[in-house]
Structure formats: C-alpha cells, structure tokens
Amino acid sequence: MTPNTSIRLSRRALLAGLGALAASPSFAARARLNIVATTGMITDLVRSVGGDQVAVAGLMGAGVDPHAYRQTRSDIVAMTRADAVMWHGLYLEAQMEDFLLDLARKRPVLAVADTLDPARLVAHEDYDGRFDPHVWMAPDLWIDCVPAVVDALTNLRPEAHDVFATNGSTFVAEAKALSAYAQDVLAGVPAERRILLTAHDAFGYFGTAYGFDVMGIQGISTESEAGLNRIGTLVDFLVERQLPAVFVETSVSDRNIRALIEGAAAQGHQVRIGGSLFSDAMGPDGTYEGTWLGMIDHNVTTIARALGADTPVGGRLGRLKAAA
Ligand code: ZN
C-alpha cells in the first residue's frame, strides 16, 4: 500500500463516519437547545413547550423575589452562552432589565409576557406606561403566552415545530382544566369573604378572573415600602369586615402581614394566616408545587379553604401536600 492510498482510505472512512453521525436520530435527540430562563414560571413554560428538545436552566428558584433579583456573575456567563434567554418582561425583573435589553442586541432573547395584547393588561399603579406583570396568576392570560414560546423555539429549531406545537396544545388544555377547577372551588367562598389580602399586590389578575377584591400591603412591586398608614387602614378594614384569614407569600417577608394580625388583635378581632401562597416564585424544583400547574392549584385550594369553601384535600389532582 502506498502512502497515497492510505490517505484516500482514511478520508473515505472519515466521510462515511460523519454521514452516519448526522443521520443518527439519537444524535439529534442528545443535542438539546440550551435555554436560560429567569423566573420559575417562565422556566416551567419553556420546559413544558420545549419538552425533550430543550434543557432549561432557571435563574430564580423557590422563594426568590424577581422584582429585586439582580443577575450574578455566573448568571451572566450562562445567559451569554445559551442558545436563547427567555425572561418575563413587563418590568417584573426590574433590576435585570438593562442587562437583558442589551443582551437582546447580540443574542436571541424573548420577553415572553411583553408579547401579550396590552388591551388585556392592567396599568401598573407605581410606574407610568407600565403594566401589572403578574399575568401567570390567571390561567386564561398565561395561556396567551404559549404561542410566543412555540414561535421562539421553532425559530431556533424549525424541524421540531410539530413537537413544540403539540406540547403547547397539551399545556393549554391542562391550564384550561385548572381554570375550570379554580372557578368551581372558589365559587364556594361566601360573597362577604371574597377578599384576598396578601403581602404585595400580585393577585390583581387572579381577582378579576375569579371575582375577588384584592389588597396588597405593598404595591405591585415589592420595591415600594408599605407605610404605617397603609397598615392602619387595612387593619380597620379587616376588623370592619370581620375577615377570617389573610395570606403570606413565599417570596416576600411576612413582617407586614404579622403587623396586620397584631393590629387586628389589638382591636379584638382574631384573624389568622390562611396559608402561604406562591406569588412570584414557585415551590421547590422537582415537586408538584414547583410547577406552574401545581403552584396555581396550591393557591386556589389554599385560598378557597381558608375563606370557607369545601375543597378536595389534595387539590385538583390529589397531588398537593396535606399541609397546603
Ligand atoms: Zn410581584
């Protein structure tokens, strides 16, 4: 064999090897899109739509407040290396906005909730020209974020469009079933108790969807501090309406809610904590409450039970922890 023949053979073997690699379905399946998402809710949505085509790293875990969160050094590295970054938008990630807008000039970046029709949104009470960002609280609104995620993933991987579209439809169907459950159990709360008093104003869209008056001690953003006047006004309201329960949130300090309870007790009205709600963060990763479907099931079931409705012990699917 001459040296020349040897080289030709090697090249042929190499080309055959590459062809086999490109044609192998397991190769395509292994190369997942690498997506970085900000909040737990966005992480869950991208995982639900992307299925086995994506690996999603969420930056904000259980108990993390997105209004106050600022990107770390390792977050910046992860976002810069990702195939795409998906964030909530609507000024929820107020401290990250400048960074993300800048990154969007260089990399594929999607502000998912910014794609919603503004006609369906409510104005932000603290910032002119901004909207209340807490749209995941109303399943019928959150559903409308699905097409933008399907489109963004399809742009990154056109051949998987059918997978993304099918996963998106499955998610929408589950969300509609969840909304029907919410209508059903929350209808059991007596009219005079349809008041949701929480640490900050995250439940506006929820209240509109299910017929509750909603009050937060802090405003739409947790960045604004609650004044003593605000707490005094709410104590008077609680006592006057004889409200049985108020709610703490997993991503907000319970200091103000406790001040409210003490204030009501001083006026002779015993109000209790009706439960801990997932407002801007979900439960721990890997649990049912660590999914959007589980977080809303938990909130709906906890609120309905604390305010006097009959609820199934484990929520819609029997999967909630007993202490919900
Ligand atoms: Zn919030």
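Quick notes on this structure:
- Computed magnitude of the charge dipole of the chain (debye, nearest 20; Cβ of K, R +1, Cβ of D, E -1): 1540
- Using 0.36 nm per residue and subtracting the Cα-Cα separation, the extra length available between A57 and T80 on full extension is 7.0 nm.
- Förster radius 22 Å - calculated FRET efficiency between R272 and K176, Cβ distance, rounded to 0.05: 0.10
- Accessible-area composition of region 115-324, carbon plus sulfur, in percent [1.4 Å probe]: 51
- Using R0 = 30 Å, the C-beta based FRET efficiency linking L317 and D140 works out to 0.95.
- In the chain, Rg over Rh equals 1.10, where Rg is the alpha-carbon radius of gyration and Rh the Kirkwood radius from pairwise Cα distances.
- If you wrap the Cα atoms of region 78-186 in a convex hull and average its projected area over all directions, you get 8.5 nm².
- Axis angle, to the nearest 10 degrees, between helix 255-266 and the longest C-alpha principal axis of the chain: 20 degrees.
- Rel. contact order, % - alpha carbon contacts under 8 angstrom, at least six apart, the chain: 17
- Note on region 274-324 and region 31-51: Cα centroid distance 22 Å, given to the nearest whole angstrom.
- Centroid-to-centroid separation of region 228-246 and region 104-129 [C-alpha atoms, Å]: 33
- Crossing angle, helix 292-306 versus the chain [Cα axis fit, 0-90 degrees, rounded to tens]: 10
- Förster radius 30 Å - calculated FRET efficiency between T166 and D102 (Cβ-Cβ, nearest 0.05): 0.30
- Using the Karplus relation 6.51 cos²θ - 1.76 cosθ + 1.60 with θ = phi - 60°, the per-residue 3J(HN,Hα) values for region 36-52 come to 10, 10, 7, 6, x, 5, 5, 4, 4, 5, 5, 5, 5, 6, x, x, 7 Hz, with x marking Gly and Pro.
- Taken per residue, the accessible surface of the chain reaches 46 Å², heavy atoms only and a 1.4 Å probe.
- Note on exposure: F278, F206 ranked by accessible area (1.4 Å probe, complete protein assembly) read F278, F206, with the most exposed listed first.
- Looking at region 115-324 alone, DSSP beta bridges between its own residues are antiparallel in about 10 percent of cases.
- Other-chain or far-sequence residues with amide H under 5 Å of G274's (modelled H): V246, F247, V248
The values are calculated or read from the model by the stated rules, or taken from the named source; none is laboratory data. As the structure is a prediction and not an experimental result, all values here were calculated from the model. Because the Cβ atoms are built from the backbone with ideal geometry, glycine has one as well, and the counts that use them run over all protein chains shown. The area values use the complete protein model at the heavy-atom level, side chains included, leaving out ligands, DNA and RNA. Shrake-Rupley method; radii C 1.70, N 1.55, O 1.52, S 1.80 Å.
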